[in-house]
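*Asks:* Got a structure for you, questions after.
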C-alpha cells in the first residue's frame with residue numbers, strides 16, 4: 001500500500017508491504033515485528049539508541065494507559081475533529097508511545113473522517129508500544145528535524161511536549177493546515193516540583209507567535225489527579241525532564257511518598273499554516 005512516509009535517502013514515496021517499506025529507487029526499510037519501521041539514517045543518529053530507553057518507555061505507557069491524561073487526549077481529539085477535513089492526514093511529531101496518536105485517530109474514525117495517520121519518534125522503545133496501540137497507524141523512528149513526509153502532505157500536525165522543528169512543520173503542513181502544540185501550564189505538576197526542589201518555580205506561560213503560522217487559539221486543559229502508589233508517582237517522574245536534572249535529595253523525598261495529588265495543567269496552542 002502507499003505510505004505517508006517518504007524515503008529518507010532519496011525523498012521519493014514509500015510503499016509498504018507486510019514486511020518492509022520500499023521506494024522506486026530500490027531503497028528498503030524493514031518493518032519490525034512490533035509494527036514500526038526505522039527511517040533515521042545512521043549518520044543522523046547521535047547515539048546508538050536515542051530517545052527514551054526501554055524503562056522510560058514502559059513507565060510512560062503504564063502512566064498514560066492509567067487514564068491520568070485522558071482530559072488532554074479528549075480535548076486534542078475534539079480540536080482535531082473541529083479542524084479536520086473529511087479525509088485528513090495527521091502527523092504526530094514526537095509521538096512517544098502513541099497514546100495521543102491512537103486516541104485522536106480513533107475519534108476521527110468514529111466521526112467518519114477516514115483519517116490517514118502517522119507518528120514519528122527517535123525512540124524505538126517507545127514505538128514498540130505505539131505500534132501495539134493501533135495497527136492502522138504508521139510509526140517510524142525518525143527525527144522531527146528531518147521529517148520523512150512529503151511537502152504539504154499533512155492537514156493536521158501534533159506536537160506534544162516534543163522538539164519544536166518549525167521549519168519542518170511549515171514544510172510538511174498544507175497551506176491552511178492546523179498545528180497543535182502542547183506545552184505545560186504555569187502550575188503543571190506543581191506539587192511534585194515542591195517535593196523535588198527547595199525553590200520550585202512556575203512555568204512560563206505566554207503566546208509564542210511563529211513565522212509562517214497564524215494564531216487561532218490557546219486552549220487550557222486543567223485538572224488534578226490522586227496518584228495512588230509509589231509506582232505511579234515514579235512513572236510520572238520518569239516521563240518528565242525533572243528525571244534528568246533533579247538532585248539526589250529531591251529524588252529521595254519523592255521516593256519516600258506512597259501517594260501524591262498533583263495538578264495537571266496544559267496549554268494547547270493552535271496555529272494555522274499561512
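The values are calculated or read from the model by the stated rules, or taken from the named source; none is laboratory data. Computed from a prediction, not measured in an experiment: that's the story for all the values here. Virtual Cβ from ideal backbone geometry, glycine too; neighbours counted across all protein chains shown.
*Asks:* Hey, residue 18 hits all of (1) surrounded by 19 or more Cβ atoms within 10 Å (Cβ to Cβ); (2) touching a strand residue (DSSP E or B) at 6+ places or on another chain (Cβ under 8 Å); (3) not in a helix (DSSP H, G or I) but one; which does it fall short on?
*Replies:* Against the list (1) surrounded by 19 or more Cβ atoms within 10 Å (Cβ to Cβ); (2) touching a strand residue (DSSP E or B) at 6+ places or on another chain (Cβ under 8 Å); (3) not in a helix (DSSP H, G or I), residue 18 comes up short only on (1).
*Asks:* Within the group 109, 128, 87, 171, which residue is in a loop (DSSP other than H, G, I, E, B) and farther than 23 Å from residue 188 by Cα? Explain how you work it out, then say what you get.
*Replies:* On the way: 109 fails: in a loop (DSSP other than H, G, I, E, B); 128 fails: in a loop (DSSP other than H, G, I, E, B); 171 fails: in a loop (DSSP other than H, G, I, E, B).
The unique qualifying residue is 87.
*Asks:* Can you confirm whether residue 233 is surrounded by fewer than 18 Cβ atoms within 10 Å (Cβ to Cβ) and modelled with pLDDT of 95 or more? Write out each step before concluding.
*Replies:* Values: surrounded by fewer than 18 Cβ atoms within 10 Å (Cβ to Cβ): no; modelled with pLDDT of 95 or more: yes.
So residue 233 does not fit the description; no.
*Asks:* Would a scan of segment 86-93 turn up a residue that is buried (at least 18 other Cβ atoms within 10 Å of the Cβ) and closer than 29 Å to residue 262 by Cα? Don't jump to the end; show me each part of the working.
*Replies:* Within segment 86-93, the first condition is being buried (at least 18 other Cβ atoms within 10 Å of the Cβ), and the residues that meet it are 88-93.
With the extra rule that they be closer than 29 Å to residue 262 by Cα, the set shrinks to 92-93.
For segment 86-93, residues buried (at least 18 other Cβ atoms within 10 Å of the Cβ) and closer than 29 Å to residue 262 by Cα: present.
*Asks:* Something else about it: If you scan segment 233-263, which residues turn out to be part of a strand (DSSP E or B) and closer than 26 Å to residue 54 by Cβ?
*Replies:* Within segment 233-263, 260, 262 qualify.
*Asks:* Is there a residue in segment 5-25 that is touching a helix residue (DSSP H, G or I) at 6+ places or on another chain (Cβ under 9 Å) and in contact (Cβ under 8 Å) with a residue 12 or more places away in the chain?
*Replies:* yes
*Asks:* Search segment 96-116 for residues being under 23 Å from residue 60 (Cα atoms) and touching a residue at least 60 places away in the same chain (Cβ under 8 Å), and hand back the single one that is surrounded by the most Cβ atoms within 10 Å (Cβ to Cβ).
*Replies:* 96
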